[in-house]
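Reviewing the structure listed below.
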């Protein structure tokens with residue numbers, strides 16, 4: 001292993017220099033709004049404020065899956081939040097999610113608007129609201145929730161750990177990349193062993209556990225996350241690959257991946273979504289980047 005210059009942490013850490021890297025302009029050690037900006041509100045009870053990161057994809061996929069089942073109440077407006085420009089620090093967004101992270105949802109279907117933040121919480125909220133993608137059987141429900149919370153606890157090591165140091169950090173640090181590559185591969189092995197004997201994460205049926213996990217680990221093994229498929233030798237996890245490809249073919253998953261997307265082929269980007277017809281009329285062509 002290559003030795004780097006020795007670093008001794010100071011007795012008291014202070015924020016006195018930019019952190020560097022792709023997101024240096026939005027990284028700061030304090031919470032709260034940086035500017036006043038109200039959030040737009042569309043015509044549907046469900047108002048989503050998001051970006052098509054893996055966490056953002058979870059919710060748009062869930063909503064499109066609910067609509068595919070015929071739940072008309074799941075119609076939604078999806079507004080683009082550009083985290084690279086600091087939209088998540090606007091006062092309106094902070095009111096919905098004080099943690100300033102996407103996705104954030106406002107449910108205006110009741111007498112008072114209800115905010116829902118954290119992607120796992122949103123999935124669980126929608127599953128319970130519409131009675132879908134969460135098993136009724138106590139054992140199967142518990143298994144689905146086991147894997148939902150596994151994802152919420154594990155993905156930061158894949159995203160903020162491996163993804164940051166491998167793809168975004170201004171300096172490639174061998175120790176950090178090795179440490180988080182090891183953990184990412186361990187997590188893939190956890191999934192692969194489980195999926196060797198299960199069609200989906202909670203058993204025979206597709207659930208919010210799959211919807212939560214697929215945007216991270218499914219995209220990873222399909223070569224659509226961090227450009228790291230070869231580095232991590234993802235083809236070794238054949239059961240994860242099989243599961244990922246099956247889910248990728250679901251029409252609702254394809255639509256959900258498009259919503260609030262601002263990268264990749266223009267034909268796969270739908271910057272905002274306000275009606276099902278937006279997928280056909282190419283709303284993204286009318287919305288300036």
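Taken together, the values in this text are just the output of simple stated rules run on the coordinates, not laboratory data. In this text the structure is predicted, and so the values were computed from the model without any measurement. Every residue, glycine among them, receives a Cβ derived from its backbone with ideal geometry; neighbour counts consider all protein chains shown.
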Quiz prompt | Number of the exception - residue 147 against (1) exposed (fewer than 15 other Cβ atoms within 10 Å of the Cβ); (2) touching a helix residue (DSSP H, G or I) at 6+ places or on another chain (Cβ under 9 Å) | solution = (1)
Self-check item: Condition check for residue 163: without any contact (Cβ under 8 Å) to a residue 60 or more places away in the chain and under 23 Å from residue 56 (Cα atoms)
Solution: no
Practice problem: Scan 155, 176 and give me the residue that is more than 23 Å from residue 52 (Cβ to Cβ) and surrounded by 15 or more Cβ atoms within 10 Å (Cβ to Cβ). | Solution: 176
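Table: residues versus (1) closer than 26 Å to residue 18 by Cα; (2) surrounded by fewer than 17 Cβ atoms within 10 Å (Cβ to Cβ); (3) touching a residue at least 60 places away in the same chain (Cβ under 8 Å).
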site	(1), (2), (3)
49	no, no, no
60	no, no, yes
73	no, yes, no
76	no, no, yes
100	yes, no, yes
Quiz item: What are the residues in segment 124-159 that are part of a helix (DSSP H, G or I), within 18 Å of the chain's Cα centre (by Cα) and over 18 Å from residue 191 (Cβ atoms), if any?
Solution: 124, 125, 126, 127
Practice problem: Test residue 182 against the stated conditions and say whether it is part of a helix (DSSP H, G or I) and more than 16 Å from the chain's Cα centre (by Cα). | Solution: yes
